[in-house]
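Working notes, structure below.
Coordinate-derived values only; no laboratory data. Not measured: the values here are computed from a predicted model. Heads up, the Cβs are rebuilt from the backbone with ideal geometry, glycines too, and the neighbour counts pull from every protein chain shown.
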Amino acid sequence: MPTNHMSTELNLFAAAAKGLEPLLVDELVALGAKNVRQGRGGVNFSGDLEVAYRVCLWSRLAGRVFLPLLHAPVADTDQLYQVVGDFPWEEHFDATNTFAVDCNLQDSQITHSRYAALKAKDAVVDRFRDQTGTRPDIELQQPDWRLNLWIHKDLLTLSLDLSGESLHRRGYRTEGGRAPLKENLAAALLIRAGWPEVAQQNMPLIDPMCGSGTLVLEAALMAGDCAPGLAREYSGFLHWKQHDAELWHRLRDEATERRRQGLEQLPRLTGYDCDARAVKNAWANAERAGLQDKVHFERRDLQQLGEDEVPAASGLIITNPPYGERLGEVKALLELYALLGERVRQHFLHWKLSVFTSGTEFGPQLGMRARRKHAFFNGSLKCQLLHFDIEPASFFREAVTAPHGLAPVAELSDGAQMFANRLKKNLKRWRKWARRNQISCYRVYDADLPEYAVAIDLYGDQVHVQEYQAPATIDERLARRRLREVVTMLPELLELDPEAIHVKTRKRQRGTAQYDRQEQQGEFFEVIEGGLRFLVNLSDYLDTGLFLDHRQTRALIRSMAAGKSFLNLFAYTGSVSVYAADGGASSTTTVDMSTTYTQWAEKNLALNGFSGPQHRIIRADCLSWIEQCSERYDLIFLDPPTFSNSKRMEDSFDIQRDHVQLIRETCRLLADDGVLIFSNNLRRFKMDDEQLAEFEIENISRQTVPEDFSRRQRIHNCWRIVK
């Protein structure tokens with residue numbers, strides 16, 4: 001048996017989630033580690049076997065603890081097999097022990113991690129068979145030992161995973177709720193929120209949206225001097241031949257005694273949640289952690305926070321509200337944050353508040369200025385922990401209640417006054433034009449002043465504001481303030497209620513992202529265009545359901561449709577089909593891949609009295625449908641996306657690359673004297689006339705851009721194509 005590592009200095013590595021590394025450095029130093037330095041994906045350190053065990057037992061932040069066994073260059077899997085097979089595994093484990101292999105690659109000539117892991121597994125098995133005559137078995141869930149391969153730039157680091165599985169698994173949580181925090185991330189949030197110092201002063205902690213109770217339970221373990229790994233029955237070193245069982249038992253006994261003493265007197269730790277199932281899970285987790293007598297969980301709506309209790313003079317409120325990206329309605333979340341801010345300002349003066357959030361729009365709803373912010377990642381989602389002093393000096397003059405979530409600006413800049421003057425001038429012109437042409441949906445401002453890069457569209461008595469993504473050279477805070485100035489002034493300039501202002505940030509879109517649902521308010525209302533009725537939604541999607549820049553194109557289709565069979569491809573909400581039907585088309589066929597938009601199109605047609613078998617709506621991938629279609633049409637409107645890699649489509653689609661084939665395939669569906677109207681909104685698009693020489697192609701872009709979009713002539717491209 002090899003020499004015991006009790007007094008041998010070991011070089012070790014503690015893996016950590018992104019953002020936790022600096023905190024882990026401090027924690028490792030406190031646990032007696034030496035030569036501590038932050039590295040890629042974690043922290044390098046050294047120490048004897050006792051230090052390694054203490055980190056496995058006491059680290060609240062580390063993910064795994066690795067003991068590197070060797071470093072070697074490997075350029076291919078054969079070389080990897082040789083290196084792993086040459087290592088004396090039989091000196092570390094018995095052939096009767098089960099094992100598993102993990103592999104991670106970066107900038108390596110070996111490109112398949114699973115195959116690399118398989119080759120390493122084969123090397124270990126063959127080594128044992130050659131040396132002992134027997135072979136170990138593979139066990140993926142909780143093997144007796146776990147081997148970790150990290151290959152970076154063709155350099156292999158071969159490590160024993162001392163933790164065996166991620167250290168965030170404390171052993172007390174089986175059900176985490178809808179979006180649970182990992183325990184080590186929860187511990188990091190508590191440290192950044194100053195909980196260790198607050199707990200030392202015996203001040204209470206409250207989580208008003210506690211979910212399965214992770215923050216409260218981690219706070220209890222921290223305040224009670226409880227080793228987070230004490231309840232873990234599984235570790236990666238228990239079957240290691242160099243494992244010192246006596247030392248491990250002594251450290252566990254020491255941790256048990258520290259826990260007993262630490263839990264004798266804890267601050268008051270409370271978690272509330274409106275979901276009864278979450279509260280039930282929190283109590284179950286507390287019982288498994290042995291903390292059921294040390295914490296309190298209760299079903300309570302946020303509206304009740306601060307009622308029926310006399311808060312201490314000070315304490316910490318820390319919470320992880322739902323995330324809009326995953327769990328639902330942004331408007332509801334804005335209201336939730338506003339309510340949280342209202343309750344804590346009213347009932348918890350002189351306390352501290354820390355809120356873990358994924359969106360920059362939510363923090364201002366709390367009605368207070370953040371004292372400090374810390375960046376973290378919850379999985380791949382970038383988040384921030386906002387810290388507030390609940391003091392009147394930190395309060396905004398008023399909480400934000402508008403649905404767009406943007407706080408009003410108290411003092412407008414000179415630039416804002418210039419914007420106001422320009423918008424007034426535009427309104428005078430475009431309102432008169434709209435009345436004359438009986439148009440109720442139109443654009444009144446389109447980044448006329450580059451500093452105020454928004455598009456403003458009127459939909460009856462509602463307003464749709466799209467913020468163009470600012471270039472990297474523009475300070476994000478300045479761009480945000482200018483947007484706040486815009487929404488501060490609009491209600492007065494337009495003589496509308498703030499609730500009628502709908503704001504969206506326009507970013508460069510990929511695929512069908514412009515059609516993805518942004519919120520779930522379901523607020524549809526009718527507008528009239530060209531004497532026809534359409535449903536629009538200004539809240540739930542990046543686009544509204546009616547492309548205003550295609551107003552003239554729709555009118556053109558109507559003027560051409562009498563007695564003709566009409567096909568609408570990539571039809572979105574079917575507005576062009578409605579125009580064609582109104583123009584007397586003998587039939588309309590509306591094709592789109594989205595269930596949402598085909599249903600929307602059906603409603604738009606029905607709203608105008610167009611239904612029955614002559615008005616077909618087909619949900620299908622348009623590219624595949626075109627290939628399979630054998631029918632012929634007199635008039636076709638083709639308005640594909642610029643780019644798409646939708647999961648429902650077999651291949652990616654790029655309008656510049658693929659337009660020749662798409663136009664040819666579509667023209668195959670034209671009757672002998674049929675007409676194709678082809679449109680797209682790629683500003684740099686160039687029609688390949690040479691490749692399409694068999695067709696007559698007329699560029700009609702200029703005549704299809706409405707007057708209110710004249711400032712942005714390349715808003716779309718449009719051609720009339722015949723055989």
Sequence-separation-based contact order of the range 184-318, relative, with Cα cut under 8 Å and 6+ spacing, percent: 39
Inter-probe distance in nm under a simple model that places probes 7 Å from Cα toward Cβ, at T8 and A562: 9.5
For the chain, treating each Cα as an identical point scatterer without solvent, what Debye log10 I(q)/I(0) comes out at q = 0.09 1/Å? -0.98
Volume per residue, Å³, of the convex hull around the alpha-carbon atoms of the range 6-51? 55
Please compute the modelled spin-label separation between C274 and Q438, points set 7 Å along Cα→Cβ, answer in nm with one decimal. 4.6
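I need V55, V29 ordered by Cβ neighbour count within 10 Å, fewest first. Before the final figure, lay out the partial values.
Details: V55 26, V29 13.
Least crowded to most crowded, the residues run V29, V55.
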If R₀ is 41 angstrom, what is the calculated FRET efficiency for the pair D137 and Q265, using the beta carbon separation as r and rounding to 0.05? 0.25
Rounded to the nearest Å, the spacing of the alpha-carbon centers of the range 569-629 and the range 182-245 is 57
So what is the relative contact order for the range 524-722, in percent, with contacts set as C-alpha pairs under 8 Å and at least six apart? 18
Whole-Hz couplings from phi, Karplus 6.51/-1.76/1.60, listed for the range 205-219; x for Gly and Pro: 10, 10, 10, x, 9, 7, x, 7, x, 4, 4, 5, 5, 5, 5
Distance in Å, no decimals, from the C-alpha centre of the range 93-165 to the one of the range 471-501 is 57
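Rounded, prolate or oblate: pick one for the range 415-507, where a ≥ b ≥ c are the square roots of the eigenvalues of its C-alpha gyration tensor, a/c under 1.5 means rounded, and failing that, prolate if a/b is larger than b/c, else oblate. Display every interim value, and only then the final one.
Numbers: a/c = 1.83, a/b = 1.76, b/c = 1.04.
Verdict is prolate for the range 415-507.
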Which length gain, in nm to one decimal place, applies between D308 and R702 when the Cα-Cα distance is subtracted from 0.36 nm times their residue separation? 135.1 nm
Net charge near D461, counting Lys/Arg +1 and Asp/Glu -1 over other residues with Cβ under 10 Å of its Cβ? -2
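Indicate the gyration tensor shape class of the range 350-469 (rounded, prolate or oblate), computed on the Cα atoms with a ≥ b ≥ c the square roots of the eigenvalues: a/c under 1.5 is rounded; otherwise a/b larger than b/c is prolate and the rest oblate. Could the numbers behind the result be given before it?
Values: a/c = 2.82, a/b = 2.18, b/c = 1.29.
It is prolate, given that a/c is not under 1.5 and a/b is the larger ratio.
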To two decimal places, what compactness ratio does the range 277-355 give when its Cα radius of gyration is scaled by 2.2 N^0.38 Å? 1.24
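Given R₀ = 56 Å, FRET efficiency for A671-R431 by Cβ-Cβ distance, to 0.05?
Values: r = 43 Å, r/R0 = 0.77.
Given R0 = 56 Å and the Cβ-Cβ separation, E is 0.85.
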Only sites in a loop by DSSP and with at most 13 other Cβ atoms within 10 Å count here; which GluC sites (Glu not before Pro) in the range 543-631 make the cut? E631
For the chain, calculated [θ]222 nm from helices alone, where every DSSP H run of n ≥ 4 adds -39500 (n - 2.57): -9500 deg cm²/dmol
Suppose each label sits 7 Å from its Cα in the direction of the beta carbon; what would the R37-I474 distance come out to in nanometres? 4.3
The set of residues whose placed amide H lies less than 5 Å from the amide H of T588, leaving out same-chain residues fewer than 5 positions away, is F566, H615, R616
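Would you please calculate the Kirkwood hydrodynamic radius of the range 10-161 over all C-alpha pairs and express it in Å, rounded to one decimal? Mind showing how you got there, number by number?
Working: mean 1/r = 0.0620 Å⁻¹.
About 16.1 Å for the range 10-161.
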Taking only C-alpha positions in the range 315-383, Rg and Dmax in angstrom work out to 12.0, 35
Is the shape of the range 524-722 rounded, prolate or oblate, going by the alpha carbon gyration tensor and its root eigenvalues a ≥ b ≥ c, with a/c under 1.5 for rounded and a/b larger than b/c for prolate? rounded
Using R₀ = 56 Å, calculate the FRET efficiency as 1/(1 + (r/R₀)^6) where r is the Cβ-Cβ separation of D293 and K241; round to 0.05. 0.85
Beta bridges by DSSP in the range 524-722, antiparallel share as percent, to the nearest 5: 45
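Pull up the DSSP beta bridges for the chain and report the antiparallel fraction as a percent, rounded to 5. Walk me through the numbers before you get to the answer.
On the way: 69 of 116 bridges.
Of the beta bridges lying entirely in the chain, close to 60 percent run antiparallel.
How high is the relative contact order of the range 15-105, in percent, counting Cα pairs under 8 Å that sit 6 or more residues apart? Each step should come with its number before you reach the end.
Details: 74 pairs, mean separation 22.1, N = 91.
For the range 15-105, the relative contact order is 24 percent.
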